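Participant: My questions all concern the structure below.
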Amino acid sequence: MACASPSQKSVEYFQQSVEKDPAFALGYVGLAESYDLLSTYLGVAPEQSSLKARAAANKALELDETLAEAHTSLAAILWFLMIGTGRVQNGNLDAPWN
């Protein structure tokens with residue numbers, strides 16, 4: 001039986017936290033950061049994990065637009081997505097985000 005990685009387990013736990021309390025903005029921040037780590041530690045394509053990460057960070061901001069952690073998380077997700085997709089290297093920062 002394969003053991004889930006800490007990054008996968010953190011996604012599971014944060015998902016459970018926001019299911020139990022859909023208004024828990026920090027839970028969505030944790031979920032966003034956990035999804036973002038999947039590409040770093042498990043080789044998940046940044047485009048795949050970052051879409052879920054962005055959705056979670058945006059949900060956190062929807063719940064509390066003053067939450068600094070959510071703004072920081074979203075900025076990091078967008079930056080690493082730009083690096084992972086080559087937008088930084090080729091200067092194509094204005095292309096659609098699909």
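The values are calculated or read from the model by the stated rules, or taken from the named source; none is laboratory data. None of the values given here were measured: they were computed from a predicted structure. Counting neighbours? That spans all protein chains shown, and the Cβs are built from the backbone with ideal geometry, glycine included.
Participant: Given the condition assigned to a helix (DSSP H, G or I), in contact with an Asp or Glu (Cβ under 8 Å, 6 or more places away or on another chain) and surrounded by fewer than 17 Cβ atoms within 10 Å (Cβ to Cβ), answer yes or no: does some residue in region 65-74 qualify?
Facilitator: Looking for residues that are assigned to a helix (DSSP H, G or I), in contact with an Asp or Glu (Cβ under 8 Å, 6 or more places away or on another chain) and surrounded by fewer than 17 Cβ atoms within 10 Å (Cβ to Cβ), one finds none in region 65-74, hence no.
Participant: While we're looking at this one, here's another question. Please work out which one of (1) aliphatic (A, V, I, L, M); (2) touching a His at 6+ places or on another chain (Cβ under 8 Å); (3) assigned to a loop (DSSP other than H, G, I, E, B) is the condition Ala23 fails and give its number.
Facilitator: Ala23 satisfies all of (1) aliphatic (A, V, I, L, M); (2) touching a His at 6+ places or on another chain (Cβ under 8 Å); (3) assigned to a loop (DSSP other than H, G, I, E, B) except (2).
Participant: When you check Met82 against the structure, is it crowded, with 18+ Cβ neighbours inside 10 Å and modelled with pLDDT under 75, yes or no?
Facilitator: In short, yes.
Participant: Among the residues of region 22-63, which ones are of a type in the set (D, E, K, R), at pLDDT below 95 and over 10 Å from the mean Cα position of the chain (by Cα)?
Facilitator: Glu47
Participant: Restricting the search to region 19-50, which residues are within 17 Å of Ser73 (Cα to Cα), of a type in the set (A, V, I, L, M) and touching a residue at least 40 places away in the same chain (Cβ under 8 Å)?
Facilitator: Ala25, Leu26, Val29, Ala32
Participant: Within region 64-72, is there a residue that is of a type in the set (A, V, I, L, M, F, W, C) and modelled with pLDDT under 95?
Facilitator: Within region 64-72, not a single residue is of a type in the set (A, V, I, L, M, F, W, C) and modelled with pLDDT under 95.
Participant: Let me ask something else about it. Glu19 fails exactly one of the following numbered conditions: (1) at pLDDT below 85; (2) more than 13 Å from the chain's Cα centre (by Cα); (3) surrounded by fewer than 13 Cβ atoms within 10 Å (Cβ to Cβ). What is the number of that condition?
Facilitator: Here Glu19 meets the rest and fails (1).
Participant: What is the number of the single condition among (1) part of a helix (DSSP H, G or I); (2) surrounded by 18 or more Cβ atoms within 10 Å (Cβ to Cβ); (3) among the β-branched types (Val, Ile, Thr) that Thr40 does not meet?
Facilitator: Going through (1) part of a helix (DSSP H, G or I); (2) surrounded by 18 or more Cβ atoms within 10 Å (Cβ to Cβ); (3) among the β-branched types (Val, Ile, Thr) one by one, Thr40 breaks only (2).
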